[in-house]
Amino acid sequence: MVNPSDSAKPLFLQIRELIEDQIVNDQLKEGDQAPSTNQLVNFYKINHATVSKGITQLVDEGILFKKRGIGMFVAEGAKKTLVQQRKKAFVENYVTGLVQEAEKLGITEAEIIELIKSTKGRDA
Amino acid sequence: MAASVQLNHVTLKFKKFEALKDVSLTLEAGKIHGLIGRNGAGKTSLLSLIAAFREPTSGEVLVDGAPVFENPEKMEQVAFVYDKDYKEETEKVKKLISLASHYRPHFDTEYAKQLIKRFKLPVNKPVNKLSKGMQSALNVVIGLASRAPVTIFDEAYLGMDAPSREIFYKEILQDQEDHPRTFILSTHLVSEMDYLFDNVVIIDQGTVLLHEPYETIEAHGVSVTGAAQEVDIFTAGMKQLNEQQLGGTKSVMIYGNLGDAKRQEARAQGLEIGPVSLQDLFIHLTEEAN
C-alpha cells in the first residue's frame, strides 16, 4: 500500500515500484494488462499527474507499452529487465550497508554467512 | 463538452471592500481545477462571477471566449453548486431533479437516478426535511448530472459524511473520464481532495497567489532536512516557506525549481529532499503572504 506519510520517497516512484513489484512476483505477467492510470488514481487517491509520471517512466524504459485506446500492457522481457535492475540495486541498497555495518561491529565474513544462513533457515 | 473560463483584470467591489483585485486567470477546458484559499479570500466571489450571479465592477469574465454576464447562452453552460438554503423548500427530491433537467441542456436524468441510488437519497421526501448532508448530496447530484461544460462545486461537501464524500470524488473522476468537462472545485478539505486536481489556484485577499499544474506544485514544493548548518547553506537564497528544528536537525520547506543537479548535490551532502503536501504548501504560502 502506498502511504505518503510513510516515506520521503516521491510518490511517483512508489507507484512505479508498486507495478514493478507486481511484475517481479508474477502477479502481472508479460502481456497482461496493467492497471490504468484512472484505476490507480481511484485506488490510491493519488493525483493523476503523479501516477502518470510513474507510468511514463515504465513506458520509457520499455517495461510497459501502450496500446492505443485499450490500455497499458506488460512488455516482453519486462521481468528479466526488472530483476537485473533490482539485483544491481540490491548491492547498493543492502549489501554495501551490510558490509559496512559488519565492519563497524567487527563481524567476520564467516559470521555474516552464518547469520544469513540461520535467517534463511528461520524463514523457510 | 468542456468550456474554458477566462478572467481579464477582474475587480469586484462591495461598497469600499475589494473582494477581488485585478484578477487575471485562464482555466483550461476539460480539466479539474482546485480552488483553495483562506476564509474570506474571495473564492465564492470569484465563482459567483463565473456563474454570472454578479457582474464584475471592472474587467471581464468569459466562458469559451464570450462574456457570461446576462448572456443566457453562456449562463446555461455553467452549473454552480453551492451551499443552498433549503429551509423553505417543500418540493420533493424528484421534483427538484426534474426542474434542474429543464434548464440544463446537457442534463442526464438516467445518470441523476443512478447517483440518487448511490447517495441513498429518498426521492419522495420534501427537500427541507432532508439532513444537511443529504441536501448537499442532492446538490452534488444536480451538479454532476447537469454535465454542464463548466461545473462548479463550491464547498459542495458541507455536512456530507466521509463515505458520501468518497462517492462524490469517485464520480467526479469517473464522469470526467466518460464526459470530459471543466470542473472547478473550491475546498477547505485540501488533503482529502488534492488528488483530484489537474491544476491548482490559490487565492488570498482577493488576488491569485499561485496558479500551476498540480505536477509543477508537487515538483516545486520540497522539504530539505539535515544538519542545521548544511541546510542553511543549501537553502540560502531559495524561497523558504517554513522551518522546523529539532536539536541539530533542521527541516526547511522551500518552493522553487530545484532541478536534478541540485537534488544530487543535496544527496551528496547527506541532506534529505522530501515531498511537501499541497495542504502544507497552502498553509505556509498564505501565511507568508499575510
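The values are calculated or read from the model by the stated rules, or taken from the named source; none is laboratory data. All of these numbers come straight from a predicted model, not from anything done at the bench. Positions of Cβ are backbone-derived with ideal geometry, glycine not excepted, and every protein chain shown enters the neighbour counts.
Of the candidates B:Glu265, B:Glu192, the single residue that is within 11 Å of chain A (Cβ to nearest Cβ), at pLDDT below 95 and assigned to a helix (DSSP H, G or I) is B:Glu192. Give the residue that is surrounded by the fewest Cβ atoms within 10 Å (Cβ to Cβ), with candidates limited to residues of the stretch A:32-74 that are in a helix (DSSP H, G or I) and aliphatic (A, V, I, L, M). Ranking the candidates gives A:Val59 first. One residue alone among B:Val208, B:Val200, B:Val222 is crowded, with 19+ Cβ neighbours inside 10 Å, closer than 30 Å to B:Phe14 by Cβ and within 14 Å of chain A (Cβ to nearest Cβ), and that residue is B:Val200. A single member of B:Ile273, B:Ile233 is at negative phi, in contact (Cβ under 8 Å) with a residue 24 or more places away in the chain and of a type in the set (Val, Ile, Thr), and it is B:Ile273.
Note on the stretch B:116-131: residues that are in contact with a strand residue (DSSP E or B) (Cβ under 8 Å, 6 or more places away or on another chain) and among the polar types (S, T, N, Q) amount to 1. Just one of the numbered conditions (1) more than 19 Å from B:Phe197 (Cβ to Cβ); (2) outside any helix (DSSP H, G or I) is not true of A:Leu82: (2).
Screening the stretch B:70-169 for helices (runs of 4 or more DSSP H) wholly inside it with 3 or more residues that are of a type in the set (S, T, N, Q) and in the same structural domain as B:Thr187 (by TED's automatic domain parsing) returns the ranges B:132-146. Of the residues making up the stretch A:32-54, those that are in contact with a strand residue (DSSP E or B) (Cβ under 6 Å, 6 or more places away or on another chain) and more than 10 Å from every other protein chain (Cβ to nearest Cβ) are A:Asp32, A:Gln33, A:Ala34. Quick one: would you say B:Ile152 is in contact with a Phe, Trp or Tyr (Cβ under 7 Å, 6 or more places away or on another chain) and touching a residue at least 60 places away in the same chain (Cβ under 8 Å)? Against the criterion (in contact with a Phe, Trp or Tyr (Cβ under 7 Å, 6 or more places away or on another chain) and touching a residue at least 60 places away in the same chain (Cβ under 8 Å)), B:Ile152 qualifies. Tallying residues that are surrounded by 15 or more Cβ atoms within 10 Å (Cβ to Cβ), more than 10 Å from every other protein chain (Cβ to nearest Cβ) and either of a type in the set (Gly, Ala, Ser) or in a helix (DSSP H, G or I) (or both) within the stretch B:170-181 yields 3. Listed by first and then second residue, the pairs with beta-carbon distance under 6 Å, at least 6 apart or on different chains, first residue in the stretch A:107-120 and part of a helix (DSSP H, G or I), second surrounded by 10 or more Cβ atoms within 10 Å (Cβ to Cβ), are A:Ile112/A:Ala102.
Flag set for B:Leu47, criterion: in contact with a Ser or Thr (Cβ under 7 Å, 6 or more places away or on another chain), outside any loop (DSSP other than H, G, I, E, B) and modelled with pLDDT of 95 or more. Is it the case that A:Gly77 is at pLDDT 90 or above and either on the phi > 0 side of the Ramachandran plot or among the polar types (S, T, N, Q) (or both)? Yes: the conditions hold for A:Gly77. Quick check: anything in the stretch B:22-34 assigned to a loop (DSSP other than H, G, I, E, B), closer than 24 Å to B:Ala289 by Cα and under 19 Å from the mean Cα position of the chain (by Cα)? Scanning the stretch B:22-34, I find no residue that is assigned to a loop (DSSP other than H, G, I, E, B), closer than 24 Å to B:Ala289 by Cα and under 19 Å from the mean Cα position of the chain (by Cα), so the answer is no. Based on what the data block shows, is A:Phe65 within 15 Å of A:Glu17 (Cα to Cα) and without any contact (Cβ under 8 Å) to a residue 40 or more places away in the chain? No.
In this structure, is A:Glu17 free of Cβ contacts under 8 Å to residues at least 24 places away in the same chain, away from chain B (no Cβ under 14 Å) and either outside any helix (DSSP H, G or I) or surrounded by 15 or more Cβ atoms within 10 Å (Cβ to Cβ) (or both)? Spelling it out, A:Glu17 is indeed free of Cβ contacts under 8 Å to residues at least 24 places away in the same chain, away from chain B (no Cβ under 14 Å) and either outside any helix (DSSP H, G or I) or surrounded by 15 or more Cβ atoms within 10 Å (Cβ to Cβ) (or both). Of all the listed residues (B:Glu287, B:Glu230), the sole one being away from every other protein chain (no Cβ under 14 Å), assigned to a helix (DSSP H, G or I) and within 19 Å of B:Lys43 (Cα to Cα) is B:Glu287.
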